[in-house]
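The values are calculated or read from the model by the stated rules, or taken from the named source; none is laboratory data. Note that this is a predicted model, so its numbers are computed, not measured. Note that we place each Cβ from the backbone using ideal geometry, even for glycine, and neighbour counts take in every protein chain shown. The accessibility values were calculated without ligands, DNA or RNA, using every heavy atom of the protein model including side chains. Shrake-Rupley method; radii C 1.70, N 1.55, O 1.52, S 1.80 Å.
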Amino acid sequence: MADITEKSPLDPFPEVHGHGLRLSAWDPESESQLDAWFRGLTDPDFQRWNTPLRIVRDRDDARESLRAKTGGADAAFRIADAESGTTLGHLGVNQIDHVIRVARVGYWVLPEARGRGVAGRALALAAHWALTDLGLNRLELGHALGHEASCRVAERCGFRYEGTLRGAMFEEGRHDVFRDVHLHGRIASDPEPSLP
């Protein structure tokens, strides 16, 4: 399923290859990667469904945000095309708890990469890695209520719908108003999904 390579000096996590993708560390000093990060976080569709703690308004905000995302305890993967190396999006395995062996997963895909199964392929690849090589037992995925595309990606990748969490994420563009979240989960003993 996944091919694991050596760990990058930029990230404590290895590169993961499969499904025509490469998941690797972001490089905050790369101008092309910074551009992709900035475009991803300022994309209107991203902003409709996500309100990060650090709001990104310009390239300086983007560089600060990307630096904060890399080199920490979370696995912050740049999703890239395996052949061309073109950045397609981001996938994070976040809030990793090695004691109870659980983490939360989140992702976004650049507008030009949408409709090609990138999110599903990246999620399947990262989930396999996290539930095997990283040794986790459970992955959770939450998305804003009404985000049907994210719901379909989660379910295709074996993340079962487990319920609605009331007021569990920020409302669009706000840090003082909350909205409901669909919670999906996948555990290590669940069968691997078969992607189209």
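Of note:
- Positive end of the dipole of the chain (Cβ unit charges, origin at the Cα centre): among Thr132, Ser84, Thr42, the Cα lying farthest that way belongs to Thr132.
- As a fraction of the 1.4 Å probe accessible area of region 1-128, surface on carbon and sulfur atoms comes out at 48 percent.
- For trypsin sites (Lys or Arg not before Pro), the sites in region 148-182 that DSSP calls loop and that have at most 16 other Cβ atoms within 10 Å are Arg174.
- One way to sum up the overall shape of the chain is the equivalent ellipsoid from its Cα gyration tensor, whose semi-axes run 22, 22, 16 Å, largest first.
- Estimated at the nearest 10 Å², the accessible area of Thr132 is 70 Å² with a 1.4 Å probe.
- Counted charge near Gly158, where neighbours are those whose Cβ lies closer than 10 Å (Asp, Glu -1; Lys, Arg +1): 0
- Size of charge dipole - the chain - debye, nearest 20, with Cβ of Lys, Arg +1 and Asp, Glu -1, no other charges: 440 debye
- Shape analysis of region 6-118 based on the Cα gyration tensor places the equivalent ellipsoid semi-axes at 20, 18, 15 Å, largest first.
- Counting only DSSP H runs of at least 4 residues, each contributing -39500 (n - 2.57), and dividing by the residue count of the chain, the helix-based mean residue ellipticity at 222 nm comes to -8000 deg cm²/dmol.
- Charge context of Ile79, other residues only, Cβ under 11 angstrom, K/R +1, D/E -1: +2
- Among the GluC sites (Glu not before Pro) in region 111-196, those placed in a DSSP loop whose Cβ has at most 16 other Cβ atoms within 10 Å are Glu171, Glu172.
- Across the options Pro52, Thr70, Gly115, the greatest Cα extent toward the positive end of the charge dipole of region 45-116 (unit charges at beta carbon of Lys, Arg, Asp, Glu) belongs to Pro52.
- Computed with a 1.4 Å probe over protein heavy atoms only, the accessible surface of the chain comes to 50 Å² per residue.
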